[in-house]
2 protein chains.
Amino acid sequence: MKKPVTEPEQEDPDQQIDWQDAVQWNEQGLVPAIARDARSGAVLMLAWMNRAALEETVRSGYAVYWSRSRGRLWRKGETSGHRQRVREIRLDCDGDTLLLSVEQEGGVACHTGRRHCFYRRLEVDGERPVWRVVEAVIVDPAELYGGGRDPQAADRKPEKRGAEKGDD
Amino acid sequence: MKKPVTEPEQEDPDQQIDWQDAVQWNEQGLVPAIARDARSGAVLMLAWMNRAALEETVRSGYAVYWSRSRGRLWRKGETSGHRQRVREIRLDCDGDTLLLSVEQEGGVACHTGRRHCFYRRLEVDGERPVWRVVEAVIVDPAELYGGGRDPQAADRKPEKRGAEKGDD
């Protein structure tokens, strides 16, 4: 264990400016937000936030994202009921990425019915790399969305699906 | 433990198309790549990749990103020597985010000399939320960059710094 050069708990110079202005919003007014499981640390998904989404997330204590495909606020779990209780929000060195620690209600973060969205692993053993599905579906997507959604949707290409990741 | 609806190991329909075409590159030809520690699972940083960066990452076994600020490939650790040995690459459900599991050489992923880039935590106890620095600097940035870099750089705002996160 290396001796720290600085103490961990310090005033951040960014405290002088508004907390929302410390975030480096991109040209669309968005910032990527990584959600990880508050207990296991597992990376669940990546979505996007605008100012209103971050503001409501902090106020409500539940993750609210900006759905780029639908052009509106997306209260994660609004259809499936699988909300994300936010335990911590972090900002990176450049201020252009957020990291949320969440309690994922229902244990399923992905709209495909898997625990998380990163279920394809690159395998490079063969002649050319291939993506292989390595995580099981633990809840039928039809069940997640009350039968009102095509359960095959998760197996189709995103551009045909017209839905965004964890889109519920 | 819920009974899986599907078995985890399956053919991915995307195997039919080229592995790089399964990635949904954005309008700039980029995709966000989250790097996590292969052992602890800690989220280290988020950077961006284009096709060439991903191709070289897979070929070399070390993380190569696309530096948006410099407009060129960024071989992580090219200055500091703190490379990232890539153990696994995952793709999310929509194909628009990569997740890398890496062994971070030197144990310092952030150009500020911290283990990871997410060292500011939002505290909402007071009247208004504030970002607080909660991770120690374990390597002096001046040491990381061989004295050729302003050691104060890490304490300045990104727009004044002109450098990207983990920019080494």
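The values are calculated or read from the model by the stated rules, or taken from the named source; none is laboratory data. Small disclaimer: the values here were computed from a predicted structure and weren't measured. Glycine also receives a Cβ, built like all others from the backbone with ideal geometry; neighbour counts cover every protein chain displayed. When the accessible area is computed, the model is the full protein with side chains, heavy atoms only, and any ligands, DNA or RNA have been set aside. Shrake-Rupley method; radii C 1.70, N 1.55, O 1.52, S 1.80 Å.
Results, tabulated for the structure shown:
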| quantity | calculated |
| --- | --- |
| Selection from the stretch B:116-126 of residues that are among the aliphatic types (A, V, I, L, M) and surrounded by fewer than 17 Cβ atoms within 10 Å (Cβ to Cβ) | B:VAL124 |
| Residue identified as facing chain A (nearest Cβ under 10 Å), in a helix (DSSP H, G or I) and either closer than 26 Å to A:ASN26 by Cβ or at pLDDT 95 or above (or both) among B:GLU159, B:GLU135 | B:GLU159 |
| Out of A:ALA53, A:ALA22, A:ALA33, sole residue that is at the interface with another protein chain (Cβ under 9 Å from one of its Cβ atoms) and out of contact with any His (no Cβ under 8 Å at 6 or more places or on another chain) | A:ALA22 |
| From the options A:PRO129, A:PRO141, residue that is at pLDDT 75 or above, open to solvent by less than 30 Å² (accessible area, probe 1.4 Å) and closer than 21 Å to A:LEU46 by Cβ | A:PRO141 |
| Residues of the stretch B:97-115 satisfying the condition of being assigned to a loop (DSSP other than H, G, I, E, B) and open to solvent by less than 30 Å² (accessible area, probe 1.4 Å) | B:THR97, B:VAL108, B:ALA109, B:CYS110, B:HIS111, B:THR112, B:GLY113, B:ARG114 |
| Residue check, B:ARG85 in contact with a strand residue (DSSP E or B) (Cβ under 8 Å, 6 or more places away or on another chain), among the basic types (Lys, Arg) and open to solvent by 20 Å² or more (accessible area, probe 1.4 Å) | yes |
| Boolean, A:TRP74 is at pLDDT 95 or above, open to solvent by less than 20 Å² (accessible area, probe 1.4 Å), at negative phi and not in a loop (DSSP other than H, G, I, E, B) | yes |
| Leading residue by the ranking (surrounded by the most Cβ atoms within 10 Å (Cβ to Cβ)) among those in the stretch A:42-57 that are part of a helix (DSSP H, G or I) and either at pLDDT below 95 or small (Gly, Ala, Ser) (or both) | A:ALA53 |
| Condition broken by B:ASP92, with the remaining ones in (1) farther than 16 Å from A:TYR119 by Cα; (2) over 12 Å from the mean Cα position of the chain (by Cα) satisfied | (1) |
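Let's see how each residue does on (1) without any contact (Cβ under 8 Å) to a residue 60 or more places away in the chain; (2) within 18 Å of B:ARG121 (Cα to Cα); (3) out of contact with any Pro (no Cβ under 6 Å at 6 or more places or on another chain); (4) in a loop (DSSP other than H, G, I, E, B):
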| residue | (1), (2), (3), (4) |
| --- | --- |
| A:GLU27 | yes, no, yes, yes |
| A:PRO32 | no, yes, no, no |
| A:ARG36 | no, yes, yes, no |
| A:SER40 | yes, no, yes, yes |
| A:ARG59 | yes, yes, yes, no |
| A:TRP66 | yes, no, yes, no |
| A:HIS82 | no, no, yes, yes |
| A:ASP94 | no, yes, no, yes |
| A:CYS117 | no, no, yes, yes |
